[in-house]
Amino acid sequence: MKLVRYGESGREKPGLLGAGGVLRSLEHVVDDIGGDALSAASLARIAALDLEQLPRVADVPRYGPAVARVGKMICVGLNYADHAAESGMPVPKEPVLFMKATTAITGPNDPVLIPRGSVKTDWEVELGVVIGDIARDVSVDSALDYVAGYLVVNDVSEREFQLERGGQWVKGKSFDTFAPIGPWLVTRDEVPDPQNLAMWLEVDGHRYQNGNTRTMVFGVGSCVSYISRFMTLMPGDIISTGTPPGVGLGQRPPVYLRPGSVMELEIEGLGRQRQVTVAARGSS
Ligand code: ZN
């Protein structure tokens, strides 16, 4: 299933993209696409519905973030060997983890803000893993049982804030709008092999990233299992699994986003995002 949230920002409704791209409302089925609605039992209940009975949504709406009430967003750093190389970092022996503030989450086609004073705002197309059932110290073999599905994440990153201002990477990863997610949450049954998905990202029509999840250092099951040893993963939590090569920091010379830049990115079977960047205005 392709689960979506549609409508104006902050007032999104749950929906399902059916055959032929017909959007149907799940308003009277689940309260939202998030939390307990993502459990295996809940997804099975939705899958058993007669879709023809669900109301059609006529207008083409805005898509919001595909998951509501995300409790935490955990990112895996340097998880593609060739991206580690372009960043001048060694391939990690264990997954590198960092957090991204959930206030950064935004719709897949919403504008992305360039922070005040930023000169190094960058892009990262990533496979996002959405947790469906509580995962606490789970094995690699069983890890995917706790996954509701997958979505596209743009792990937008301010490299100066991340790498040159001291402290943790979270500083460069968390600005408002730095986490477009969606357009859809594609349930796990429709992604039989998450380690074989083509992915790309273009800025102003130039293809900078062109990768495949098969070159991940630590695969989805390993990441879920590993993280669950250090913290409990809750329904609606998102793991962003790292980016392939081709980020702006890795260009010679580096290339960064400016107001008016257009990012387009896609992962095979998970849909496409498009964001235009705009300068953030400071509050007075
Ligand atoms: Zn990343």
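The values are calculated or read from the model by the stated rules, or taken from the named source; none is laboratory data. The model shown is predicted, which means the values in this text are computed figures rather than measured ones. Methodologically, a virtual Cβ is constructed for each residue, glycine included, from the backbone with ideal geometry; neighbour enumeration extends over all protein chains shown. Note: accessible area is taken over every heavy atom of the protein model, side chains too, but ligands, DNA and RNA are not part of it. Shrake-Rupley method; radii C 1.70, N 1.55, O 1.52, S 1.80 Å.
Laid out as a table, the results:
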quantity	calculated
Residue that is in a strand (DSSP E or B), more than 15 Å from the ligand (Cβ to nearest atom), of a type outside the set (Phe, Trp, Tyr) and open to solvent by 20 Å² or more (accessible area, probe 1.4 Å), where the choices are 97, 113	113
Checking residue 121 against (1) open to solvent by 30 Å² or more (accessible area, probe 1.4 Å); (2) touching a Leu at 6+ places or on another chain (Cβ under 7 Å), the condition it does not meet	(1)
Failed item, numbered, when residue 281 is tested on (1) within 16 Å of the ligand (Cβ to nearest atom); (2) over 30 Å from residue 140 (Cβ atoms); (3) outside any strand (DSSP E or B); (4) open to solvent by 10 Å² or more (accessible area, probe 1.4 Å)	(1)
Residue count, region 227-251 (criterion: away from the ligand (no atom under 16 Å from the Cβ) and in a helix (DSSP H, G or I))	1
Options 89, 73; residue that is open to solvent by 30 Å² or more (accessible area, probe 1.4 Å) and under 20 Å from residue 157 (Cα atoms)	89
Pairs, first more than 17 Å from residue 223 (Cα to Cα) in region 189-212, second modelled with pLDDT of 95 or more and basic (Lys, Arg), C-beta under 9 Å, six or more apart	190/2; 200/207; 201/207
Out of 258, 207, sole residue that is at pLDDT 95 or above, part of a strand (DSSP E or B) and open to solvent by 50 Å² or more (accessible area, probe 1.4 Å)	207
Residue match in region 43-65 (condition: within 27 Å of residue 210 (Cβ to Cβ) and either modelled with pLDDT under 95 or crowded, with 17+ Cβ neighbours inside 10 Å (or both))	yes
Flag if residue 126 is within 16 Å of the ligand (Cβ to nearest atom), among the acidic types (Asp, Glu), assigned to a strand (DSSP E or B) and at pLDDT 95 or above	yes
Cβ-Cβ under 9 Å pairs, at least 6 apart or on other chains, region 63-86 side among the aromatic types (Phe, Trp, Tyr), far side within 14 Å of the ligand (Cβ to nearest atom) and part of a strand (DSSP E or B)	80/211; 80/216
In region 64-93, the residues that are within 12 Å of the ligand (Cβ to nearest atom) and assigned to a helix (DSSP H, G or I)	83, 84
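Residues are listed down the side, and each one gets a yes or a no for (1) within 20 Å of residue 5 (Cα to Cα); (2) open to solvent by 60 Å² or more (accessible area, probe 1.4 Å):
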| residue | (1), (2) |
| --- | --- |
| 153 | yes, no |
| 165 | no, yes |
| 185 | yes, no |
| 195 | no, no |
| 203 | no, no |
| 215 | no, yes |
| 223 | no, no |
